[in-house]
Amino acid sequence: MTVPAPPPVPLRHDEGADTAERVERRWAVLSVVIVVLLVTAATLAGVYQGAMPQAWVETANPRTLHIEGEFIESNLGSAIEADGSVTVRGIGQQYSFTPSCITVPTDTPVRFRATSADVVHGFLITGTTVNLMLVPGYISNLSARFDSPGERLMPCHEFCGMGHEGMWGRVKVVDKAAFARMAADRRRVSCVE
Ligand code: CUA
């Protein structure tokens with residue numbers, strides 16, 4: 001004699017589980033939408049940059065930087081231009097900046113022009129908006145203005161090799177009049193003794 005199988009227990013429909021499922025599905029859709037948006041934005045940016053390359057790029061040959069052109073050693077450091085503004089030229093290399101200490105005046109337009117002799121380095125002056133990448137083959141440009149005198153640090157902020165941690169420079173911001181006195185008797189100002 002066989003025992004009849006018990007009738008199947010109907011799945012209890014739980015309202016909480018329903019709500020959870022609905023919310024979960026909504027978040028799943030939202031995350032896919034976010035990913036699609038990000039991929040679209042990256043694609044558009046890539047196409048735009050590919051179609052419209054930078055209008056103006058300056059190059060410098062890293063192999064001959066020290067021998068000829070704008071970045072020879074005697075041309076590095078800060079120089080006063082005819083219009084009273086200051087141009088600072090520098091080079092980054094594993095693992096130092098040349099010059100390793102820069103002097104700039106307060107209340108003066110200062111233009112930085114720098115490049116790299118080997119790999120990509122970072123060029124940043126603490127407490128300011130000066131922040132550049134030094135890419136071998138290219139000249140990086142940035143204009144700045146310093147309000148108050150003081151000493152600032154200039155760390156390399158792109159990993160450039162085993163000595164990256166020790167790649168630091170210093171920046172001395174000096175009073176405009178003091179800078180003019182320093183610049184009076186030499187062509188380039190730096191604070192390397
Ligand atoms: Cu140069 Cu890090």
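The values are calculated or read from the model by the stated rules, or taken from the named source; none is laboratory data. In this text, all values refer to a predicted model and were calculated from it rather than measured experimentally. Cβ atoms come from the backbone with ideal geometry, glycine included; neighbour counts cover every protein chain shown. Areas reflect the complete protein model, heavy atoms only, side chains present, ligands, DNA and RNA absent. Shrake-Rupley method; radii C 1.70, N 1.55, O 1.52, S 1.80 Å.
Computed values, structure above
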| item | result |
| --- | --- |
| Nearest-10 value in Å² for the accessible area of Val35, using the 1.4 Å probe | 90 Å² |
| Mean separation of Cα contacts under 8 Å, 6 or more apart, over the residue count of the chain: relative contact order % | 20 percent |
| The range 22-77: GluC sites (Glu not before Pro) in DSSP coil with no more than 15 other Cβ atoms inside 10 Å | Glu58, Glu68, Glu70 |
| Helix-only CD estimate at 222 nm, as mean residue ellipticity for the chain, using -39500 (n - 2.57) per DSSP H run (n ≥ 4) | -8500 deg cm²/dmol |
| Protein accessible area in the chain, 1.4 Å probe - carbon and sulfur % | 60 percent |
| Span from the the range 36-63 Cα centroid across to the the range 159-193 one, whole angstrom | 33 Å |
| Probe 1.4 Å, protein heavy atoms only - accessible area per residue of the chain in square angstrom | 66 Å² |
| Coil-residue trypsin sites (Lys or Arg not before Pro) of the range 1-94, DSSP, other Cβ within 10 Å capped at 10 | Arg12, Arg63 |
| The chain: antiparallel DSSP beta bridges as a percent of all, rounded to 5 | 65 percent |
| Met133 - accessible surface, heavy atoms, 1.4 Å probe, Å² rounded to 10 | 90 Å² |
| Segments 79-87, 134-142, 42-50, 95-103 sorted - mean Cβ within 10 Å per residue, highest first | 95-103, 134-142, 79-87, 42-50 |
| Accessible surface ranking that places the most exposed of His164, His157, His66, His121 first, with a 1.4 angstrom probe | His66, His157, His164, His121 |
